[in-house]
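Engineer: Take this structure, written in structure tokens, and hold onto it; I'll ask about it next.
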Amino acid sequence: MADRNTFRLMLLILGLVFAFLYIPISVLVGLSFNEGGLPTAWTGFSVKWYGSLLEDADILKAAGNTLIVAVSSTILATILGTLLAVGVEIRRRNGKWLETIIFAPMIIPDIVLAIALLSMFSLLNIKMGLHTITVSHVVFNLAFVCAVVRARLKSFDWSIVEASADLGASTMITLYRVVIPVLMPAIVAGGLLAFTLSVDEFIIAFFTAGAGRSSITLPMQIFAMIRFGVTPEINALATIVISVSVVALALSQRLNKGGLPGQ
Amino acid sequence: MTQAFLSIRNVEKYFSAVKAVDDVSLDIRENEFFALLGASGSGKTTLLRMLAGFESLSGGDILIEGSSIANMQPNQRPVNLMFQSYALFPHMTVAQNIAYGLEMEKLPKAEITERVNAILDVIQLSHLAKRKPDQLSGGQRQRVALARALVKRPKVLLLDEPLGALDKKLRSEMQLELKRLQHEFGITFIMVTHDQEEALVMADRIAIMRDGALLQVGSPKDIYELPGSRYAADFIGVMNFLKVKRTDNGFAAPDGTAIATAHVSDGVGEGDAIAAVRPERLFLGDAGDNHFDGTVSDIAYHGLDLLLHVETELSDTPVVARMTADVADNHRPEIGQRITLGWLARDTHIFPA
Amino acid sequence: MTTDRRPLLLMTPALLWLTALMVIPCALILVLAFFRRGIYGGIEYTWTLENLALVFDPLYFRIFLKSAGIAGLSAAIACVLGYAAAYAIAAMPRRRQPTLLFFAVLPFWSNYLVRTYAWIVLLNREGLIVNIARWLGYNGELPSMLYTEQTVIVGLVYNYLPFVILACYAPLSRMNPEVTEASRDLGASAWTTFRRITLPMTVPGIATGFVFVFVLSIGNFVTPALLGGGQFQMIGNLVYAQFLTANDWPFGAALSMVLILVMLGLLMAQAVVAERASNGKGQSDG
Ligand SMILES: Nc1ncnc2c1ncn2[C@@H]1O[C@H](COP(=O)(O)OP(=O)(O)OP(=O)(O)O)[C@@H](O)[C@H]1O
Ligand SMILES: [Mg+2]
């Protein structure tokens with residue numbers, strides 16, 4: 001019997017938790033449209049803080065860098081992660097070690113991976129820049145793509161692969177003409193996820209960007225700005241960053257029903 | 001008259017607009033083995049869940065020994081439900097599962113252990129007491145679920161398709177076992193089943209449900225031999241339905257041959273009607289009160305019995321006649337042969353078309 | 001059969017990538033932890049245990065303990081809130097649950113820095129909370145809300161709560177409702193049913209949630225740096241300092257190594273809990 005009071009309690013809990021989750025972000029987004037820019041008073045709706053972002057050369061440069069890193073690491077990770085997922089699922093019986101190595105990038109504390117990469121790059125005397133950030137981002141991105149694609153493969157009907165082989169297709173043609181098209185929604189969903197993760201990633205980028213400001217990314221720029229305190233420009237920038245994630249994630253979710261890792 | 005043990009009075013259940021249980025009234029006697037029979041979606045589970053306390057009543061009342069239990073919480077009712085999915089606690093052993101309900105009664109530890117061991121003996125699972133449910137076979141799980149409910153010695157035990165998940169052989173074994181346990185414990189059983197044969201074999205009385213309402217209640221013999229409606233006749237056992245017409249002095253086949261009958265159900269009006277007869281009541285030849293001609297279209301062997309499928313003008317689908325193989329041996333019909341089938345007036349039921 | 005080798009071929013590029021850019025660098029850290037720091041901040045290639053010993057020096061070990069305390073408290077709070085939220089979501093009508101879950105998890109996928117920054121906006125001296133207090137007529141001194149240990153904990157809970165909700169929702173939604181009904185039927189109250197049936201059956205979700213929040217918190221660098229203020233140090237900040245300011249890489253590596261070991265230990269413990277629970281998974285799995 002659905003107890004009405006219990007149900008009300010559940011609604012209350014949900015209300016409180018969602019308030020906790022969304023009030024801070026909403027305040028931030030709201031303030032970014034405040035003409036005066038201060039939380040003291042609402043002086044009217046305005047997008048002027050967004051306009052001032054466009055005049056800030058540092059921010060534009062950082063945004064460009066972020067885009068380069070995110071796009072290239074997403075492409076690489078999507079290819080590598082998809083192949084990995086297909087291989088792993090065909091093979092079925094994979095050792096604990098293999099599973100751990102595939103899983104590790106998703107859970108390893110980012111500071112640890114960051115310093116590990118920094119140590120290796122500097123010991124090998126590799127000059128750091130956007131390229132090192134990119135290859136480093138591929139590490140965790142490919143793991144996420146792999147997880148999303150694998151989730152899809154769990155419900156994959158392998159007999160269509162056999163059917164394709166039976167009809168005379170080689171393994172590569174089967175992969176290209178049968179497996180990849182069926183997996184496409186999951187692959188794109190994984191790619192979108194990788195893109196947002198890369199756009200948002202801060203610590204690994206921070207450690208593997210090398211000296212100087214030439215390869216600063218957007219999160220690094222935001223981190224530097226935050227340390228100076230709250231400004232309306234940061235609010236606007238933060239709102240844009242949140243929107244990018246939300247849109248990419250909503251798309252990803254739509255393409256791939258319930259296929260986020262862990263879900 | 002003595003008061004009924006379990007009394008269900010004008011019970012109704014709506015799920016928003018859907019009427020799942022429609023004005024059901026039923027008196028069940030102590031120690032009775034009662035079967036609820038009906039097609040999928042007819043409201044059997046809903047009725048049981050109302051008895052157990054998991055669905056509120058939209059109307060009516062439920063009484064046990066004269067006092068209402070309609071507003072009692074499930075954990076306070078002297079009624080236990082054996083779930084269709086068994087609903088065993090996966091993190092507890094067999095013994096812990098069975099002990100759970102007794103612990104809720106705050107019985108002394110020693111008594112709990114004793115009663116758990118005793119019932120484990122009864123269901124012959126003592127050797128598996130320490131196993132977890134997922135290490136048991138389907139039949140073993142079923143027995144644990146039964147023991148878990150039985151050990152509390154409820155006044156009424158509700159069973160929702162208790163044998164539904166078992167294979168055919170295990171099923172008939174468990175049917176006997178359930179009967180035995182019911183006698184041994186002297187508890188009132190209300191069992192839901194899809195399977196009319198199971199209901200006929202096991203129950204003292206059967207209720208047929210349709211669209212949430214009770215269609216007919218009676219002993220297996222009554223229900224089988226005196227179905228109250230075409231639906232009940234069709235639902236229980238196999239029944240042949242023949243097209244007949246009302247005439248001035250009775251009923252007749254389309255070709256005008258009179259059809260004698262002993263049972264005319266309510267609502268039979270002028271014009272078309274349906275005559276029903278069981279396959280085992282048909283015999284070869286024209287010796288009975290009624291008879292018709294037809295062509296044998298198929299012969300199927302069922303162990304000792306022979307099923308003849310006979311095409312006739314009286315029915316759109318072939319009529320089925322069941323005869324023991326030795327009867328048929330004498331003049332065994334062949335496919336394509338024209339034969340005459342006869343039957344008696346007392347085995348003929350007339351229903352509205 | 002030849003087909004056995006083809007999947008390996010598909011996996012090779014990714015595995016090589018992970019080996020070159022994760023396994024080897026992490027192994028390098030482990031090695032680095034046993035070298036000596038050079039006089040000018042470089043690395044001197046002689047073996048030593050000094051770095052590890054230094055981790056357990058009271059000065060630094062205190063930071064370790066404090067980090068663990070903060071991480072533990074954050075994880076515990078996140079688990080309580082997250083479990084309650086997951087339970088509430090699972091109690092809603094089935095068809096609404098995916099949407100609720102999506103919105104509960106959405107913040108988790110948006111920028112970590114931004115989410116942390118949102119609390120600065122809320123709590124700083126000119127922030128919304130202070131303004132609300134003034135507006136309500138309170139003009140006295142407000143306790144410092146930013147740059148305290150509590151703020152760091154709030155930040156960590158806030159950032160990782162969605163993950164706990166996700167982890168706890170999975171086993172809750174997989175529970176067969178008839179199992180809890182069976183408990184009620186056998187005479188247990190709603191509370192007893194929760195304590196003896198629902199909670200034990202969903203412990204793996206809580207364990208997963210706890211371990212992840214703990215691991216992500218204890219090595220966290222951003223939240224203490226932004227919400228804890230300049231002087232506030234957790235292990236993550238200490239590691240950061242060794243690499244970027246103090247230039248003592250071997251010590252930073254030793255700290256990381258201990259961090260990795262703690263993490264591995266916890267993940268193993270969590271695997272054990274999951275394993276135990278799956279021994280009795282039975283009918284509940286789909
Ligand atoms: N919780 C519910 N919400 C809405 N409708 C319900 C609910 N439970 C049952 N119903 C509806 O009530 C009717 C009766 O369902 P019930 O489960 O009692 O049937 P049943 O006789 O047990 O069927 P089966 O033999 O398939 O188990 C059905 O139409 C069903 O769709
Ligand atoms: Mg049912």
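The values are calculated or read from the model by the stated rules, or taken from the named source; none is laboratory data. For clarity, every value in this text was computed on a predicted model and none was experimentally measured. Glycine also receives a Cβ, built like all others from the backbone with ideal geometry; neighbour counts cover every protein chain displayed. Calculation scope for accessible area: heavy atoms of the full protein, side chains included, ligands and nucleic acids excluded. Shrake-Rupley method; radii C 1.70, N 1.55, O 1.52, S 1.80 Å.
Engineer: Using only the Cα atoms of the range B:109-259, construct the convex hull and provide its projected area averaged over every direction, in square nanometres to one decimal.
Structural biologist: Mean projected area for the range B:109-259: 12.7 nm², to one decimal.
Engineer: Okay, next question. Under the rule that an exposed site lies in a DSSP loop and has at most 11 other Cβ atoms within 10 Å, name the longest stretch of chain B with no trypsin sites (Lys or Arg not before Pro) of that kind, not counting the sites themselves.
Structural biologist: It runs B:131-353.
Engineer: Moving on to the next point. Based only on the alpha carbon positions, what is the Kirkwood hydrodynamic radius of the range A:206-245, in angstrom?
Structural biologist: Every distinct Cα pair counted, the radius reaches 11.1 Å.
Engineer: Would you mind computing Rg(Cα) / (2.2 N^0.38 Å) for chain B, counting N as its residues?
Structural biologist: Against the empirical 2.2 N^0.38 Å value, I get 1.20 for chain B.
Engineer: To continue, here is another question. In square nanometres and to one decimal, what's the mean projected area of the convex hull around the Cα atoms of the range B:36-192?
Structural biologist: One quarter of the hull surface, i.e. the mean projection, equals 9.9 nm².
Engineer: Using only C-alpha atoms and all pairs of different ones, pull out the Kirkwood radius for the range A:176-260 in Å with one decimal.
Structural biologist: 14.9 Å is the Kirkwood radius here.
Engineer: If one computes P(r) from the Cα atoms of the range B:239-352, what percent of pairs lie at distances over 16 Å?
Structural biologist: Above the 16 Å cut-off, the range B:239-352 has 57 percent of its Cα pairs.
Engineer: Turning to a different aspect of this structure: In deg cm²/dmol, rounded to 500, what helix-only [θ] at 222 nm does chain A give when every DSSP H run of at least 4 residues adds -39500 (n - 2.57) and the total is split over its residues?
Structural biologist: So the calculated ellipticity at 222 nm is -24500 deg cm²/dmol.
Engineer: Placing unit charges on C-beta atoms (Lys and Arg positive, Asp and Glu negative, everything else neutral), compute the dipole magnitude of the protein assembly as shown about its Cα centre in debye, rounded to 20.
Structural biologist: 3020 debye
Engineer: Next up: In square nanometres, what is the average projected area of the Cα convex hull of the range B:214-269?
Structural biologist: Here the figure is 4.5 nm², rounded to one decimal.
Engineer: Among B:TYR14, B:TYR86, B:TYR224, determine the one that fluctuates most according to a GNM of chain B built with springs between C-alpha atoms less than 10 Å apart.
Structural biologist: In this elastic network of chain B, the residue with the biggest mean-square fluctuation among B:TYR14, B:TYR86, B:TYR224 is B:TYR14.
Engineer: Taking Cα centroids, how far is the range B:1-54 from the range A:41-104 in Å?
Structural biologist: First find each Cα centre; the distance between them is then 59 Å.
Engineer: Using alpha carbons only, how many angstrom separate the centre of the range B:68-90 from the centre of the range B:148-207?
Structural biologist: When both Cα centres are located, 16 Å separates them.
Engineer: For the range C:50-277, evaluate the Debye formula with one uniform point scatterer on each Cα (no solvent term) and list log10 I(q)/I(0) at q = 0.08, 0.11, 0.15 Å⁻¹, rounded to two decimals.
Structural biologist: Relative scattering, expressed as log10 I(q)/I(0), comes to -0.39, -0.69, -1.05.
Engineer: Using the heavy atoms of the protein chains and a 1.4 angstrom probe, tell me the accessible area per residue for the range C:50-277 in square angstrom.
Structural biologist: Solvent-accessible surface per residue comes out at 39 Å².
Engineer: Using only the alpha-carbon atoms, how far is helix B:138-150 inclined from the longest principal axis of chain B? Give it as 0 to 90 degrees, nearest 10.
Structural biologist: Once rounded, one gets 60 degrees.
Engineer: Measure off, as a whole percent, the carbon and sulfur share of the 1.4 Å-probe accessible area of chain A, all protein chains present.
Structural biologist: 68 percent
Engineer: Scanning chain A for helices, which whole DSSP H stretches are 18 Å or more long along the axis (Cα) and average 1.6 or more by Kyte-Doolittle?
Structural biologist: Taking the DSSP H segments of chain A (at least 18 Å long, mean hydropathy at least 1.6), we get A:4-32, A:110-123, A:180-200.
Engineer: While we're on this one: What value in Å³ per residue do you get for the convex hull of the alpha-carbon atoms in the range B:299-353?
Structural biologist: Each residue corresponds to 115 Å³ of Cα convex hull volume.
Engineer: If you count the DSSP beta bridges with both ends in the protein assembly as shown, what percent of them are antiparallel, to the nearest 5?
Structural biologist: Percent antiparallel among DSSP bridges in the protein assembly as shown is about 75.
Engineer: Helix B:109-122 versus the longest principal axis of chain B: what is the Cα-based angle in degrees, 0 to 90, to the nearest 10?
Structural biologist: Between helix and principal axis, roughly 30 degrees.
Engineer: How big is D for the protein assembly as shown, in µm² s⁻¹ as a whole number, if Stokes-Einstein is applied with the Kirkwood radius of its Cα pairs at 10 °C and 1.306 mPa s?
Structural biologist: The Stokes-Einstein estimate is 48 µm²/s.
Engineer: Toward the positive end of the charge dipole of the protein assembly as shown, about the Cα centre and with charges on Cβ (Lys, Arg +1; Asp, Glu -1), which of C:LEU81, A:ALA143, A:GLY210 goes farthest?
Structural biologist: After comparing all options, I get A:GLY210.
Engineer: Hey, rough spin-label estimate for B:SER219 and B:SER68, points 7 angstrom out along Cα→Cβ, what's it come to in nanometres?
Structural biologist: 3.5 nm
Engineer: Based on the Kirkwood radius over alpha-carbon pairs, what is the Stokes-Einstein translational diffusion coefficient of the range C:124-189 at 20 °C with 1.002 mPa s viscosity, in µm²/s?
Structural biologist: The Stokes-Einstein estimate is 132 µm²/s.
Engineer: Once you've got the GNM for chain A with C-alpha springs shorter than 10 Å, pick whichever of A:PHE45, A:PHE140, A:PHE20 has the biggest mean-square fluctuation.
Structural biologist: A:PHE20
Engineer: Right, next: Which one of A:VAL244, A:LEU9, B:GLY285 has its Cα pushed farthest toward the positive end of the charge dipole of the protein assembly as shown, where Lys and Arg give +1 and Asp and Glu give -1 at the Cβ?
Structural biologist: A:VAL244
Engineer: How much of A:CYS146 can a 1.4 Å solvent probe reach, expressed as accessible area in Å² and rounded to 10?
Structural biologist: Here the residue's solvent-accessible area equals roughly 0 Å².
Engineer: Something else: So what's the range A:56-203 giving for Rg/Rh, alpha carbon basis, Kirkwood Rh from the mean inverse pair distance?
Structural biologist: Looking at the range A:56-203, the ratio lands at 1.05.
Engineer: Here's a follow-up. Can you pull out the chymotrypsin sites (Phe, Trp or Tyr not before Pro) in the range C:138-235 whose DSSP state is coil and whose Cβ has at most 13 other Cβ atoms within 10 Å?
Structural biologist: Filter output for the range C:138-235: C:TYR138.
Engineer: Before I look further, what does the range B:239-352 give for accessible area per residue, probe 1.4 Å, in whole square angstrom?
Structural biologist: So the range B:239-352 comes to 52 Å² accessible per residue, rounded to a whole number.
Engineer: Could you compute how much accessible area chains A and C hide from each other, both sides summed, with a 1.4 Å probe? Nearest 100 Å² is fine.
Structural biologist: It comes to approximately 7200 Å² buried between A and C.
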